[in-house]
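K.L.:
Input: one structure, supplied below.
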Amino acid sequence: MRVAMLDMPLTGADATESPTEASARAGDRAAWNQLIARYDRRVVLVLLGTGLKPQQARDVAQEAWLRLIRQADAGKLSRLQLPGLAVRQALFLARSEARKAPGALTEPDGPSLAVESPEARYLALEALARAREHLAELSPSAQRVFGLLYAEPHLSHAEIAARIGLSVQRVRQIICEVRKELRAGLEGET
C-alpha cells in the first residue's frame, strides 16, 4: 500500500485535536512522550513501506518528531493532527535525504534513482544520457574542470585550477559556460 492516502482530507476523529495533542502543542513534554509512544510505530512502518532500511526509518522518524516539537515550541502549529502530521513530516525528510544522496542519478545497474515512478526513473536516465552526450562535445579542459568539480565536490575552484593549470577565474568561467550549455541543451530537447 502506497502512502497516497495521506493526501486525503482529515475527517471524523482525525479532524479534531485530542486533549493530549493540545497539551503537547502547549509544551507538555509528558504529552509529547505519550504521543510518540502511541504513533511512532506507524510513522516507522510508513517509512519502511517507502523502501527505507529499518535503522534509516527509525532515524527519519525521530528527526520528524524533533522537528514537530520544535515547530510547536515556536508556535508554528495551530493544531496537531497525529499521526498524519508526523507521517507527512517524516516523508518530507525521507524525500529530502533521497535527493541529497550522492550518486542518486546513475546507470540502471548502479544505485536506484531518487524518484518514485518507473516513468520518472526512465525520464531521469534519459536526461542523464543526453547530459553525457553534451559533455562529450565540450573541450578537453572543460571536461576536466567539470569532471573534477563533480567527481570531487570537496575541491575548491582554486584547487581545481591548480590541478589543471588554469587561473581560478578561467575555471569559474568554464563552470558557468558548461552549466549554461547543459541547461540550454537539456531544456531545448524536452
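K.L.:
Kindly state, to the nearest 0.05, the FRET efficiency for Ser141 paired with Glu187, given R0 = 35 Å and r defined as their beta-carbon distance. Before the final figure, lay out each step's value.
P.N.:
Details: r = 25 Å, r/R0 = 0.70.
Efficiency, from the Cβ-Cβ distance: 0.90.
K.L.:
Right, another one. Working out 0.36 nm times the residue gap between Leu125 and Arg99, then minus their Cα-Cα distance, what length gain in nm do you get to one decimal?
P.N.:
On the way: separation 26, 0.36 × 26 = 9.36 nm, distance 1.50 nm.
Here the answer is 7.9 nm.
K.L.:
Now a separate question. Quick check: residue separation of Arg38 and Leu155 times 0.36 nm, minus the Cα distance between them. What number comes out in nm? The partial results should precede the final answer.
P.N.:
Details: separation 117, 0.36 × 117 = 42.12 nm, distance 4.63 nm.
Gain on extension, Arg38 to Leu155, equals 37.5 nm.
K.L.:
What's the extension gain from Gln62 to Phe92 if we count 0.36 nm per residue and subtract their Cα-Cα distance? Walk me through the intermediate numbers first.
P.N.:
On the way: separation 30, 0.36 × 30 = 10.80 nm, distance 1.31 nm.
9.5 nm is the gain from fully extending Gln62 to Phe92.
K.L.:
Loop-only GluC sites (Glu not before Pro) in region 142-186, please: DSSP not H, G, I, E or B, and at most 10 other Cβ atoms within 10 Å. Let's see the in-between values first.
P.N.:
On the way: sites: Glu159, Glu177, Glu181; in loops: none.
Taking region 142-186 and a limit of 10 other Cβ atoms within 10 Å, no loop GluC sites (Glu not before Pro) are found.
K.L.:
Please turn the phi angles of region 50-55 into ³J(HN,Hα) values with the Karplus equation 6.51 cos²θ - 1.76 cosθ + 1.60 (θ = phi - 60°), one per residue in order, whole Hz, x for glycine and proline.
P.N.:
Values per residue, Gly and Pro as x: 8, x, 6, 6, x, 5 Hz.
K.L.:
Hey, rough spin-label estimate for Arg70 and Gln55, points 7 angstrom out along Cα→Cβ, what's it come to in nanometres?
P.N.:
2.3 nm
Each value in this text was obtained by applying a stated rule to the coordinates, not by laboratory testing. Keep in mind that this is a model prediction, so the values were computed, not measured. When we count neighbours, we look across all protein chains shown, and the Cβ atoms used for this are built from the backbone with ideal geometry, even at glycine.
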